[in-house]
Every structure is written in C-alpha cells, then in structure tokens.
1. Being within 10 Å of Phe38 (Cβ to Cβ) and either among the polar types (S, T, N, Q) or more than 34 Å from the chain's Cα centre (by Cα) (or both) is the filter; apply it to the stretch 98-114 and report the residue that is surrounded by the most Cβ atoms within 10 Å (Cβ to Cβ).
2. Might you check whether a residue that is of a type in the set (Lys, Arg) and more than 24 Å from Val380 (Cα to Cα) occurs anywhere in the stretch 430-437?
3. Testing Ser662 on (1) over 23 Å from Leu554 (Cβ atoms); (2) modelled with pLDDT of 90 or more, one condition comes back false. Which one is that?
4. Contact list please: Cβ distance under 6 Å, first residue in the stretch 17-40 and over 20 Å from Gly66 (Cα atoms), second residue of a type in the set (Ser, Thr, Tyr) and surrounded by 13 or more Cβ atoms within 10 Å (Cβ to Cβ), pairs at least six apart or on different chains.
5. Which condition from (1) surrounded by fewer than 18 Cβ atoms within 10 Å (Cβ to Cβ); (2) over 28 Å from the mean Cα position of the chain (by Cα) is the one that Ile606 breaks?
6. Taking strands (runs of 3 or more DSSP E) that do not extend beyond the stretch 90-168, which have at least 3 residues that are under 23 Å from Gln75 (Cβ atoms)?
7. Confirm whether Asp498 is part of a loop (DSSP other than H, G, I, E, B) and at pLDDT 80 or above.
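The values are calculated or read from the model by the stated rules, or taken from the named source; none is laboratory data. As the structure is a computational prediction, the values presented were derived from the model and not from experiment. When we count neighbours, we look across all protein chains shown, and the Cβ atoms used for this are built from the backbone with ideal geometry, even at glycine.
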Amino acid sequence: MYLHGNGSLELIGAKRKSLYKSFDHPTKTWLPKQLLKFKTNLTSTISVSNLSTGKFSLQLSYKNIGFYFNLSSPQKYRTLDIQNGEKFSSGMDLLKFSFKKEGVRYTATRNHSLFLRLVPKGQFNIYRITDGKLEIFYLSIQKLYGECIYPTYRGNYGVCSRDKCSCPGDSRYFNKLNATANEFSCAQDAPLSCQNITLHKFLTLENVSYFGFVSQFVDIDVESCKMACLNDCSCKAALFQYKSNLNIGNCSLPMELYSLRNNTGVVFNDNALAFIKVQMQSIIIAETPSKEQKLPLVLLMVLHVSAFLVLSIGACYCYKRWRKKKFVLQMQRRDNSNDSSSLHVTNILRKFSFEDLRSAMQNFQIRLGRGGFGYVFEGVLHNSTKVAVKRLGPDVKQGKKEILSEVETIGNIHHFNLVRLVCYCAQRSNRLLVYEYMFNGSIYKWIFHRNHAQTLTWETRKKIIVQIAKGLEYLHDYCNPNIIHFDIKPQNILLDTDLNVKISDFGLARLIDKDHTHVMTMPKGTPGYMAPELIGGRNITVKIDIYSFGVVVLEIICGRKSSNSWQGDYLIDTLKIKAEENQLSDLIDEQSEDMQNNKEDAVRMIRIAISCLQKNLYKRPSASMLVKVFEGLMDLEAAADYSFLNFILEETPPDIIPSASSKIIPSVFNKLIIMQSK
C-alpha cells in the first residue's frame with residue numbers, strides 16, 4: 001500500500017500492478033486535484049458515527065452540481081452552478097473548478113489545506129485547516145431559504161423559517177422532539193390509521209412549500225387533490241401549487257414528509273398550499289359534545305353498557321374453565337427460557353418494544369413483500385432513518401429459532417456487502433427484525449421483472465457478482481465462528497442506492513467453529529439452489545453456499561430463472577448442452593445489448609459458475625479463491641467433462657440415509673429428482 005502526496009491511497013499487487021486507488025472511488029469526500037468523474041456520485045453517511053450509506057448524494061454535470069435526497073427515487077433539492085474556470089467565493093476566494101473531458105477537478109486559489117465533504121444532513125461544505133484549526137464554509141446554502149433548503153434540516157413535519165421553526169397547526173396534533181438550536185423535529189400525537197378515513201382531517205398551511213414536489217396530478221382542483229390523499233393510505237399530505245385559481249393546479253401526494261419551507265418573504269413562481277393529514281380520534285374523545293349530540297350519546301352508552309353486561313355474564317362460565325390453564329401458561333412463559341418475551345440475544349443491538357416499532361411502522365400499513373417466515377414492512381425510526389422490518393409469523397417455536405439465528409449471526413458482524421441489522425424486538429409472540437432500508441430491492445426484480453430502463457449493464461452485473469463473493473468470503477473465512485448462509489438466491493441479494501450488494505436473510509444460517517469444517521443438518525434452503533450433498537444431511541460445509549452462488553451467477557448472466565417447473569425448462573440442462581457444444585455465448589442475456597457486446601467476458605464468468613456447480617464439493621472453489629479470480633490474481637482450471645451437470649442422484653449409502661419419518665426430506669428429495677433427472 002502506498003499513500004501518495006495528494007492523499008490517494010494505492011494498493012499495488014504482483015508485478016507492480018495497481019489494484020486499487022482511493023481517488024477512483026470517492027465516497028463522501030472530494031480532495032483537491034482529485035478528478036471527480038461525471039458518472040461518479042458522492043454519498044453522505046447516515047451519521048458521523050454510522051458510516052453506512054446515507055440519504056444524500058451529489059452528481060456532477062458539465063455546468064453544475066446537483067444535490068439529491070434519495071427516497072424511492074432521487075429528488076433534487078439544490079443546484080450549485082460552477083462554470084468552467086469560475087472561482088467560488090465565500091467571504092474569500094477559496095476554490096477554482098476546472099473541467100476535463102471526463103470530470104471536474106478543483107484547486108485552492110490561495111494554496112490552502114482544504115477538502116470538500118457531503119455531510120449526513122445534506123450540506124456540502126468546505127473544510128479548511130489553518131494552524132491546526134478547522135474552519136467550515138457552507139457551499140450549498142441558498143440565499144432565499146438559508147439552511148431550510150435541506151430536506152431534513154427540521155426533521156419530519158417541521159416547518160422551517162429563517163428565524164424560527166414550528167410544528168404544523170394545532171399543538172394537539174403534533175409534539176416537538178429535540179427542540180434545540182441544532183435539532184428539531186415533530187411527531188404526530190396520534191399515528192395515522194387507515195381503518196376509517198372519516199377520522200382523518202387536514203391542517204391547512206398557507207404559503208408553505210416542499211422540496212420534493214412531484215406532481216401526481218396536473219390541472220386538478222384543490223378539493224380533488226385533498227380527496228386523492230384521503231383515499232390513499234400511504235399519503236401523508238396533499239401539496240397543491242397553483243398560479244391564480246384553486247380550480248387549476250398541480251397536486252403532489254408524498255408518502256413521507258420531511259422539512260417544509262415557509263415562503264414568507266420569498267418570491268415564489270406559484271402559490272403553494274400544504275394540507276397535512278392528521279388523525280382526529282384522540283381529539284374527538286377530548287371534545288365536549290354539543291346539546292344536540294347528548295341524547296344520541298346517552299342512548300349509545302346505554303346500549304354499550306347493556307351489551308357489556310350480557311356478554312360478561314355469558315363469558316363468566318367460560319372464563320372460569322380456562323382461567324386456571326391460562327394462569328399456568330403465563331407462569332411457564334415467565335419462568336421458561338422458551339418465552340421469547342425474555343429473549344435478549346446481544347448487548348450490541350438495541351432491543352425495542354413492540355409498541356415503539358408499531359408506531360414507527362405506522363401500524364404496519366406499508367408492506368414491501370413477503371419473506372420465508374413472515375412479511376416485510378417499510379418504516380421510519382425516530383431519528384428519520386428509513387428501515388425495512390421483517391415481522392415473523394405466529395409459529396412461536398419457528399419464529400424464535402429464526403430470530404435467534406439472525407440476531408446471533410449478523411448482530412455482531414459488520415461488512416459492506418452484508419445487510420445491517422439495526423435493532424430487533426422479541427416480546428412474547430411479537431418478533432421483529434429491523435434492517436437498513438435497501439432502496440433498489442433485490443436483484444430478483446432487476447433480472448426477472450424488468451423494463452428496458454432497468455436492464456443491468458455488464459459492469460453492474462460483474463460488480464454484483466464480485467460483491468456477493470466478497471460477502472461470502474467474509475462469512476466463510478473471516479467470521480469467528482464461520483457462517484454458512486444456506487439460502488443464497490436472488491431474493492436475498494439486496495441492492496442499495498448505488499447498486500451495491502447487501503446479502504440478507506440469515507434465518508437458516510449455521511455457525512461453524514474454526515476447529516470444524518463440517519456440520520450435520522436437515523436439508524434446508526430453496527429448491528433449485530440447494531447443493532446435492534444437502535440431500536444426505538451430513539458433511540455439510542461452506543461449499544453449499546458456493547453451489548448456490550454458481551446458480552445465481554448463471555441467472556444474472558443469462559437473465560432467466562434456473563428452473564421453470566410449469567414448462568419443464570431447466571437452465572442446468574441447457575447449460576450442459578451449450579457447454580458440450582462450446583456455444584456458451586448463446587446463453588447470454590439477449591435483452592441487453594451491453595451484455596451482447598461483452599460476450600467474451602460473460603462466457604468467462606459462466607465458466608467460473610460451472611466450476612461452482614461441481615458435484616464433488618472438494619472441486620468447488622472457495623469464496624476467497626473466487627475473489628482472487630475476480631481480482632486477476634489467479635485462474636481456475638476449466639472443467640473438461642460436463643457430465644456432473646446432469647446431477648442425477650446416485651444411490652445414497654445406507655449409513656447416511658435420512659430418517660423416513662422426516663416430512664421435509666422426501667419433498668425436497670422428490671423435487672430435486674424431478675429437476676435433475678430431466
């Protein structure tokens with residue numbers, strides 16, 4: 001490793017070959033004379049202490065710098081003009097930008113020691129070091145709005161002005177959080193519930209705008225805009241912009257609401273109205289009924305009391321019968337270690353109560369998908385961190401086993417290509433795992449459910465494959481104890497904003513002590529990705545993940561599923577035929593022109609995948625070997641015989657025949673027999 005005088009760190013390999021230069025891979029900091037390419041983004045971190053990818057990014061163009069807040073799609077909140085050769089002044093001339101064909105460099109006009117950085121709240125700052133002291137100059141502040149230009153400057157729902165900040169409307173609906181000079185945010189007193197939209201109302205804010213105004217409806221009247229928000233469970237506000245007539249304007253329905261901007265004193269092209277959706281239920285209870293309402297309320301109360309008495313008498317007999325049983329069960333739950341309410345796996349991760357997470361998840365209204373053991377929901381924690389929450393199913397024994405496995409497995413490990421577990425909840429039957437949110441979902445939708453705009457390039461697919469291998473290398477070689485994932489498949493390979501890989505779902509994972517290389521286990525995983533040795537359930541090694549990795553690589557390169565049981569179409573059969581005919585290029589994704597232009601490299605990747613599918617697990621490469629191959633430090637010997645791609649199961653030796661009483665093994669066995677014998 002060599003640290004150059006300009007601050008670039010370079011990793012040099014065999015024959016003085018340069019393997020890595022930090023200047024070519026900037027993250028949040030831009031150094032003087034460092035060429036920032038037009039296709040390269042700087043991204044912020046979540047916080048000063050949490051270095052995971054944050055919500056903010058910047059992109060260079062030939063004329064300016066665009067700043068984006070990354071929600072479901074990037075939304076621009078600021079543009080900074082930098083013309084060729086122009087100096088940027090902030091009290092003194094500090095920077096001079098110079099444009100090249102492929103990107104932009106900058107220099108300090110007075111030979112200052114400085115650098116630029118995109119910080120967690122979205123500010124882009126100059127940091128100058130003078131006599132050991134650090135000075136800060138703010139590049140991205142706008143004259144009209146000041147620091148109100150930043151989407152999260154006043155947290156969720158905060159209305160930002162130059163001289164003060166406030167919560168929307170009546171204090172009965174919102175509470176101030178962290179109301180200090182540096183921190184401010186608002187929280188709804190009663191979280192929105194979609195069970196009855198008649199309990200929803202709007203707080204009207206005049207002359208208030210929002211950075212992320214994306215028009216869902218154009219040339220619409222204001223009442224239709226509000227009604228569209230009421231009928232949309234995920235809508236948090238109805239934002240309306242118009243010129244002179246409330247009957248014609250544009251309507252935006254944000255699903256998340258961050259800082260709002262008070263336009264008082266600001267010349268704005270359009271008039272702006274913000275209608276904040278709030279829950280009325282707690283307010284209705286607190287209000288005193290009018291005289292006209294008293295009689296219906298009294299009658300309603302009488303009916304309720306009567307019904308209550310009848311039901312109480314009817315339930316009394318049943319209650320006596322199961323009261324004793326319930327009491328015994330409650331005592332067992334308190335004293336028995338099987339009670340997940342007492343589950344506390346690690347001191348590193350924060351444990352939340354179910355009520356806290358239900359509030360953050362807005363009563364689990366926004367569902368992202370379904371996992372192997374339950375549903376996945378979208379939510380936002382109190383610190384504005386967007387998260388994905390897996391709520392495990394009602395099976396107490398199975399749910400506890402999975403949460404123990406996931407928390408113990410990834411609660412104490414940290415790697416760039418492994419999804420980060422933020423916190424968890426284990427309160428009786430309520431078991432939730434909270435992960436960092438992946439804005440681009442799994443590679444499954446990118447490979448199999450895509451449109452032309454989402455077709456992955458060869459370089460992106462190669463990056464995804466290499467990063468999966470690096471994640472497996474960390475699990476297999478650098479964790480103590482080592483970890484077998486057991487369920488590597490496209491649905492468990494997630495992508496962040498920059499399409500970086502995060503391996504997820506460790507519910508089936510197993511730990512292996514350094515002194516052992518094998519484990520015994522029942523067959524588990526997903527048919528089509530399971531290695532042949534899993535049928536026996538013995539001598540299981542980390543190489544089963546390598547087999548699954550090989551199948552995933554084939555799917556990424558070929559752009560098709562490994563099996564299609566409806567049509568009896570199996571990629572493994574076609575792979576064997578094309579390999580024996582030396583026509584592997586026929587398998588490359590035909591929907592991608594870029595893949596067709598890189599056939600030679602793609603075929604080389606298919607051959608690496610074939611080596612991972614060896615029936616003899618000792619012939620499969622390890623994850624560390626694969627990483628070295630991808631980095632050009634070694635080569636794999638190509639398979640000369642492709643008969644192993646048949647995967648016809650040989651007779652299982654009597655000493656390792658699985659128990660016939662298992663209900664899992666025969667089903668998996670039959671599926672594999674059908675798939676592999678075709």
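1. Quick first cut of the stretch 98-114, residues within 10 Å of Phe38 (Cβ to Cβ) only: 99-104.
Filter once more, keeping what is either among the polar types (S, T, N, Q) or more than 34 Å from the chain's Cα centre (by Cα) (or both): 99-101.
Working: Phe99: 16, Lys100: 11, Lys101: 5.
Here the answer is Phe99.
2. Let us first name the residues in the stretch 430-437 that are of a type in the set (Lys, Arg), namely 431.
When the remaining residues are screened for being more than 24 Å from Val380 (Cα to Cα), the result is none.
No: zero hits.
3. For Ser662, the failing item is (2).
4. Lys21/Ser8; Ser22/Ser8; Phe23/Ser8
5. Going through the list (1) surrounded by fewer than 18 Cβ atoms within 10 Å (Cβ to Cβ); (2) over 28 Å from the mean Cα position of the chain (by Cα), Ile606 breaks only (1).
6. Numbers: elements: 93-99, 103-108, 113-118, 124-130, 133-138.
Passing ranges, in order: 113-118.
7. Numbers: part of a loop (DSSP other than H, G, I, E, B): yes; at pLDDT 80 or above: yes.
The answer is yes for Asp498.
Table: residues versus (1) surrounded by fewer than 17 Cβ atoms within 10 Å (Cβ to Cβ); (2) part of a loop (DSSP other than H, G, I, E, B).
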{"residue": "Ser193", "(1), (2)": "yes, yes"}
{"residue": "Thr204", "(1), (2)": "yes, no"}
{"residue": "Val214", "(1), (2)": "yes, yes"}
{"residue": "Val218", "(1), (2)": "yes, no"}
{"residue": "Ser244", "(1), (2)": "yes, yes"}
{"residue": "Cys251", "(1), (2)": "no, no"}
{"residue": "Pro254", "(1), (2)": "no, yes"}
